[in-house]
Structure formats: structure tokens, C-alpha cells
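The structure under discussion appears below in the form of C-alpha cells.
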Amino acid sequence: MGILGKIFTWWDGATIGTSWFSVRKGKSVGEDVFGNVYYQTKNLDKDGDKRWVIYSGANDSSRVSPEWHGWLHKSFDEIPESHLPQPRIWEKEPTGNLTGTANAYRPAGALEAGGKRASATGDYEPWNPAEAE
């Protein structure tokens, strides 16, 4: 992308300002399965406890793994690798936000799914202004 891309674009990785702030004020505390790097302020007494993520690729919050989401939002203070139990066999891998893609959920009756919805069950009566008086 080049230096101009890093200066002016925020949607594809960290800008130069964010990278510089992370070097000056932050310390890397871990990385998730997606390659996102997580930071915390170096001086917790002076700066308070600030936490942030530098995405590997597009900036999409649905790409933050559930374990690190809890850490970012201060649900717990320990780093997820040392704090959380091993994943269960039945747990699925997290997926990104599929809205706007061919794999997005489309309920019955959606135009993209054919536009046929179930007929009314008979318990619905439309409002009639003449009967309201």
C-alpha cells in the first residue's frame, strides 16, 4: 500500500499515527489466531489501563476472537492464553461478519431467498380506522 496509504487510510491496518502511539505508549501482550496484535499501556499507574488491537488486514471488529474480546472489554485482566480453559470439542471456530456476502443469513421470505413467505396463520387482523371510532 505504501507510505501514503499508511498515512491516509484507516480501514486496512494501522495508520502511522496508531503505529507510533503503540510503540511509544503500548506494550504488545499477545496475538490471536487471526494475527491481530493486542496492546496495553506500558505505564498503568500514569496512563491508566488502556487496551487496543492492531488488526492484521482489514479493520473489522468481528475478526477479534471471543477470548480477546473479553480481555479488550476488561471482563478479565489476565491474558486469554493463561486465563481461559481449553476449548471444548463442540465449540466452533469464530466466523467474521457475513452480512452483505453470499453466505449471509436470509430468512424465509427474503427477496434473496426467493421471496416466498409462509401464509398468515389467521391470528392477524389489520387495523381498520372505521372500527377504531
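The values are calculated or read from the model by the stated rules, or taken from the named source; none is laboratory data. Model, not experiment: these values are computed from the prediction. Note that each Cβ is placed from the backbone with ideal geometry, even for glycine, and that neighbours are counted across all protein chains shown.
Here segment 18-41 is the region considered, the condition is being in contact with a helix residue (DSSP H, G or I) (Cβ under 8 Å, 6 or more places away or on another chain), under 15 Å from Thr95 (Cα atoms) and not charged (D, E, K, R), and the residue that is surrounded by the most Cβ atoms within 10 Å (Cβ to Cβ) is Asn36. Residues in segment 57-75 that are modelled with pLDDT under 85 and assigned to a loop (DSSP other than H, G, I, E, B) were compared, and the one that is farthest from the chain's Cα centre (by Cα) is Gly57. Only residues that are basic (Lys, Arg) and either under 18 Å from Asn97 (Cβ atoms) or out of contact with any strand residue (DSSP E or B) (no Cβ under 7 Å at 6 or more places or on another chain) (or both) were counted in segment 19-68, giving 3.
For the subset of segment 124-133 comprising residues that are modelled with pLDDT of 70 or more and of a type outside the set (A, V, I, L, M, F, W, C), which member is farthest from Gly100 (Cα to Cα)?
Our first condition is that a residue be modelled with pLDDT of 70 or more; within segment 124-133, this holds for 124-132.
If we keep only those that are of a type outside the set (A, V, I, L, M, F, W, C) as well, we get 124-126, 128-129, 131.
On the way: Tyr124: 32, Glu125: 34, Pro126: 33, Asn128: 37, Pro129: 39, Glu131: 43 Å.
Only one residue tops the list, namely Glu131.
Which ones in segment 79-100 are surrounded by 10 or more Cβ atoms within 10 Å (Cβ to Cβ) and either part of a loop (DSSP other than H, G, I, E, B) or of a type in the set (S, T, N, Q) (or both)? Lay out the reasoning, then the answer.
Narrowing segment 79-100 to residues surrounded by 10 or more Cβ atoms within 10 Å (Cβ to Cβ): 79-81, 83-84, 87, 94, 96-98.
Scanning segment 79-100 gives Ile79, Leu84, Pro87, Pro94, Gly96, Asn97, Leu98.
Arg88 meets the conditions (1) in contact with an Asp or Glu (Cβ under 9 Å, 6 or more places away or on another chain); (2) charged (D, E, K, R); (3) more than 27 Å from Trp20 (Cα to Cα) in every case but one. The failed one is (1).
Among the residues of segment 11-18, are any at pLDDT 85 or above and out of contact with any strand residue (DSSP E or B) (no Cβ under 7 Å at 6 or more places or on another chain)? Scanning segment 11-18, I find no residue that is at pLDDT 85 or above and out of contact with any strand residue (DSSP E or B) (no Cβ under 7 Å at 6 or more places or on another chain), so the answer is no. Please find, within segment 42-56, the residue that is modelled with the lowest pLDDT out of those that are loosely packed, with under 14 Cβ neighbours inside 10 Å and not small (Gly, Ala, Ser). Per the stated criteria, the residue is Asp47.
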